[in-house]
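My questions all concern the structure below.
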Amino acid sequence: MSESARGPIVVSRRETPLQKAHRRFLRHRPAIAGTIILVIIVVGAIFAPFVAPQDPTAIDLELVDQPPSVHHWLGGDRSGRDVWSRVIYGIRVSLVVGFGAVGLYVLIGTLLGLFSGFAGGAVDQLLMRLTDTVLSIPTLLLVIVFASVVGPSLYSVIAAIGLLGWPGTARIVRGQVLSLREAEFVMAARALGARSAHIAARHLLPNLFGPLTVVATFGVANAILLEAALSFLGLGVQPPTPSLGGMINQARAPSVLHDIPWLWIPPGIVIALTVLAVNFVGDGLRDALDPRSTRRG
Amino acid sequence: MGSYIVRRVLIGIPVLIGITIVGFVILAVAPGDPVSGLVDPERLATMTPAQLEQLRRELGLEGPMTVRYCRWLGACSPRGRGIGILLSDRGLPNLFPAPLGGGSNGILHGDFGYSIKSGRPIVEEVVPRIEPTLLLMGTSLLLAVGVGISFGVVTAVRQYGKLDYFLTTVTLMMISTPTFVLGLILLYVFGVSLRLLPVGGMFTLGREFDLGDRIGHLAMPAMILGLANAAPIMRYVRTAMLEVLNSDYIRTARAKGLVGRAVLLRHGLRNALLPVITVVALLLPDLVAGAIITEQVFSWPGMGLLAVRAAQDRDPSLMMAIVLMVGAAVLGSNLLADVAYGIADPRVRYE
């Protein structure tokens, strides 16, 4: 507090919070790098049919175990499929799972959190104990069990992560509701006769935008890693659909691990790069949207 | 202090019940005949359909979900009617342990059913896996805490220095790379290419136990799991340390003329380390998840390997037992951490 008295008083231009966040985000260099990488990856995944030189499931027997070459940048796999094409389509799967699952659980978590915070009392207690329960079992274990019971597929992976990932979001939303419920602008709205649903939609959700964006961004990184782990264990996306984790699974065989490194190192790098980019963006968003970091201007 | 612990335990009870419900749901929704996971398969094979029907009734597989849950838990007697449902054959509450006059079926009595794949009781499957997993997770946790704290302090003291940037970047890269990719890279370098370390398992087959051999097998999995979990600890210690270093009492200590290192260790670190107790407890689910993957990569014969096998075999009783054990372990360690934190930091208790 004493710092402000020391320097000259600077009257800043009037800036909307979003403009301020935008400016701060642009100053976060890793976040910019992450955004650029992510945009390239997302565009490549969306236009995979145009970017990938070949059909990822097409088999060419002359390509079996072939090392990288000019025509096949990353060589061929054990069945004679083009590895580079499979990597591109694999990112598609990773991103679909990442965004799909996180979209699902942010929605569930937000609704449960709002409900829990507003209802209070026994309902709140029950929902919070449910949250504790789900949090006390590692998500990977739950997701593995879920995928095994339902049967492994792309949709069960999305459903597993989407239906089991909500507790973190629910806690944050509930916390925000509890602290904002007593805020003056909410009391004013209530005094004017606004109903809970209206308050939730018009007054609370805008305030939740920042924290939720940050949670969702880191969530996407986590979901991509979870999908990769599931597919690596053979419980995720099933072959012949290309998935980065599934491609790395082949390296479990010592011969592949040692002699055909182009089968597992590129998908590994691509996962790491994607997740790193998402994490960078998340760091930038956190710094930009977190009201507590105001002092950094 | 006493009331604090009691309050904390009471909060844990509904969660423990929640975990058992999760386990029960796994069994209930798993495909296949539930009777196959409850009875010795050898006995099952020799039964006539009429006997099977009788057995189903005895096991309490019919009836409403709540009664089935109660019987599965071992709080209700499978054979009982009316009030007798809560009492064992010896007339005492069924949920007592068998030697104290309680029942003998249900998970409260250690009866987790049978593996549909191997046909052996779940307890026989799970118990031999506990020690390897504890060995791996314990070693990794020590490594994670050691590396995490020391790197956290170093990066905080040298904030925005080269070392800080380097370590922070490396950590972020570690967090972003899947554990199994890191594991495979180590395996590729040290196991297959340089042939310095064994590529998997817990001991060399056909050789007697020797410590060097065990450490050799433990080195790579423990390193992967430890370093992967060091990252969050490091980030946490860095933040906590920075906060402490900017506080007034540190300034006072420096003003008193204390040497840098004394201020850092005696005043700073001690306070920054308090919350690490909580962070370590919160890390346990991640540690378990990491162990599942690491054990898979290095064929370490622990619970993680068993969990994946159970899922691949779609073995409901085995999955249920593992989820229950992991959930209970995490809950227990959270409780322990909260109590430890309450002892270490008296401010917590009076909230």
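The values are calculated or read from the model by the stated rules, or taken from the named source; none is laboratory data. Fair warning: this is a prediction, and the values are worked out from it, not measured in the lab. All Cβ positions, even for glycine, are placed from backbone atoms using ideal geometry, and neighbour counts span all protein chains on display.
Starting from residues that are of a type outside the set (Phe, Trp, Tyr) and closer than 15 Å to residue A:38 by Cβ, keep the ones in region A:200-239 and report whichever is surrounded by the most Cβ atoms within 10 Å (Cβ to Cβ).
First pass over region A:200-239, keeping only residues of a type outside the set (Phe, Trp, Tyr): A:200-208, A:210-217, A:219-231, A:233-239.
Those left that are additionally closer than 15 Å to residue A:38 by Cβ: A:213, A:216-217, A:219-221, A:223-224.
Details: A:213: 16, A:216: 19, A:217: 21, A:219: 26, A:220: 27, A:221: 22, A:223: 31, A:224: 28.
Out of the qualifying residues, it is A:223.
Is it the case that region B:331-345 has a residue that's surrounded by fewer than 17 Cβ atoms within 10 Å (Cβ to Cβ) and either closer than 13 Å to residue B:16 by Cβ or facing another protein chain (nearest Cβ under 9 Å) (or both)?
Within region B:331-345 (the criterion being surrounded by fewer than 17 Cβ atoms within 10 Å (Cβ to Cβ) and either closer than 13 Å to residue B:16 by Cβ or facing another protein chain (nearest Cβ under 9 Å) (or both)), the answer is yes, since at least one residue qualifies.
Same structure, new question: Out of B:200, B:183, report the one residue that is within 13 Å of chain A (Cβ to nearest Cβ), outside any helix (DSSP H, G or I) and not hydrophobic (A, V, I, L, M, F, W, C). Let's see the steps before the verdict.
On the way: B:183 fails: outside any helix (DSSP H, G or I).
The match here is B:200.
To continue, here is another question. Looking at (1) crowded, with 24+ Cβ neighbours inside 10 Å; (2) over 29 Å from residue B:339 (Cα atoms), can you tell me which one residue B:313 breaks?
So the condition that residue B:313 fails would be (1).
Take region B:192-224 and flag every residue that is closer than 24 Å to residue A:246 by Cβ and buried (at least 21 other Cβ atoms within 10 Å of the Cβ). Show your work before the answer.
Here is the first cut: in region B:192-224, the residues closer than 24 Å to residue A:246 by Cβ are B:192, B:199-200, B:220-221, B:224.
Once the filter is applied, which keeps residues that are closer than 24 Å to residue A:246 by Cβ and buried (at least 21 other Cβ atoms within 10 Å of the Cβ), region B:192-224 yields B:220, B:221, B:224.
Of all residues in region B:179-223, how many are touching a residue at least 60 places away in the same chain (Cβ under 8 Å), under 30 Å from residue B:154 (Cβ atoms) and not β-branched (Val, Ile, Thr)?
9
Find all pairs meeting these conditions: Cβ atoms under 7 angstrom apart; at least six residues apart or on different chains; first residue within region A:261-281 and within 8 Å of chain B (Cβ to nearest Cβ); second residue outside any helix (DSSP H, G or I) and surrounded by fewer than 24 Cβ atoms within 10 Å (Cβ to Cβ).
A:272/B:177
A further question on this structure: Quick test for you: out of A:74, A:95, A:114, A:127, pick the one residue that is free of Cβ contacts under 8 Å to residues at least 60 places away in the same chain and of a type in the set (A, V, I, L, M, F, W, C).
Working: A:74 fails: free of Cβ contacts under 8 Å to residues at least 60 places away in the same chain; A:95 fails: free of Cβ contacts under 8 Å to residues at least 60 places away in the same chain; A:114 fails: free of Cβ contacts under 8 Å to residues at least 60 places away in the same chain.
Just a single option satisfies the conditions, and that option is A:127.
Does region B:117-135 include one or more residues that are within 13 Å of another protein chain (Cβ to nearest Cβ), modelled with pLDDT under 90 and under 30 Å from residue A:246 (Cα atoms)?
Yes; the residues of region B:117-135 include at least one that is within 13 Å of another protein chain (Cβ to nearest Cβ), modelled with pLDDT under 90 and under 30 Å from residue A:246 (Cα atoms).
Does region A:47-54 contain at least one residue that is under 24 Å from residue A:158 (Cα atoms), under 27 Å from the mean Cα position of the chain (by Cα), aliphatic (A, V, I, L, M) and in a helix (DSSP H, G or I)?
Taking region A:47-54 and keeping what is under 24 Å from residue A:158 (Cα atoms), we get A:47-49.
Within this subset, residues satisfying the condition of being under 27 Å from the mean Cα position of the chain (by Cα) are A:47-49.
Keeping just the survivors that are aliphatic (A, V, I, L, M) gives A:48.
Retained after the next criterion (residues that are in a helix (DSSP H, G or I)): A:48.
Yes, the conditions are met somewhere in region A:47-54.
Quick check on my filter: what residues within region B:111-154 are basic (Lys, Arg) and part of a loop (DSSP other than H, G, I, E, B)? Write out each step before concluding.
Step one: filter region B:111-154 for residues basic (Lys, Arg), giving B:117, B:120, B:129.
Matches in region B:111-154: B:117, B:120.
Going by the conditions given, is residue A:234 within 30 Å of residue A:58 (Cβ to Cβ), part of a helix (DSSP H, G or I) and in contact with a helix residue (DSSP H, G or I) (Cβ under 7 Å, 6 or more places away or on another chain)? Lay out the reasoning, then the answer.
Numbers: within 30 Å of residue A:58 (Cβ to Cβ): yes; part of a helix (DSSP H, G or I): no; in contact with a helix residue (DSSP H, G or I) (Cβ under 7 Å, 6 or more places away or on another chain): yes.
So residue A:234 fails the test.
Within region B:250-285, which residues are crowded, with 19+ Cβ neighbours inside 10 Å and within 14 Å of the chain's Cα centre (by Cα)?
Selection gives B:280, B:281, B:283, B:284, B:285.
Okay, next question. Would you pick out the residues in region A:220-243 that are within 9 Å of another protein chain (Cβ to nearest Cβ) and farther than 30 Å from residue A:288 by Cα?
A:229, A:232, A:233, A:234, A:235
So residue B:34 ticks every box in (1) under 14 Å from residue B:113 (Cβ atoms); (2) within 14 Å of another protein chain (Cβ to nearest Cβ); (3) at pLDDT 80 or above but one. Which box is left unticked?
For residue B:34, the failing item is (3).
In addition: Looking only at helices (runs of 4 or more DSSP H) that lie completely in region A:126-205, which have at least 2 residues being within 14 Å of chain B (Cβ to nearest Cβ)?
Working: elements: A:139-150, A:154-164, A:167-181, A:184-191, A:196-199.
Those helices (runs of 4 or more DSSP H) span A:139-150, A:154-164, A:167-181.
Here are some conditions: (1) of a type outside the set (A, V, I, L, M, F, W, C); (2) more than 14 Å from chain B (Cβ to nearest Cβ); (3) farther than 30 Å from residue A:82 by Cα. Residue A:217 meets all but one. Which one does it not meet?
(2)
Considering only region A:223-269, state which residues are farther than 20 Å from residue B:305 by Cα and of a type in the set (Phe, Trp, Tyr).
Correct list: A:262, A:264.
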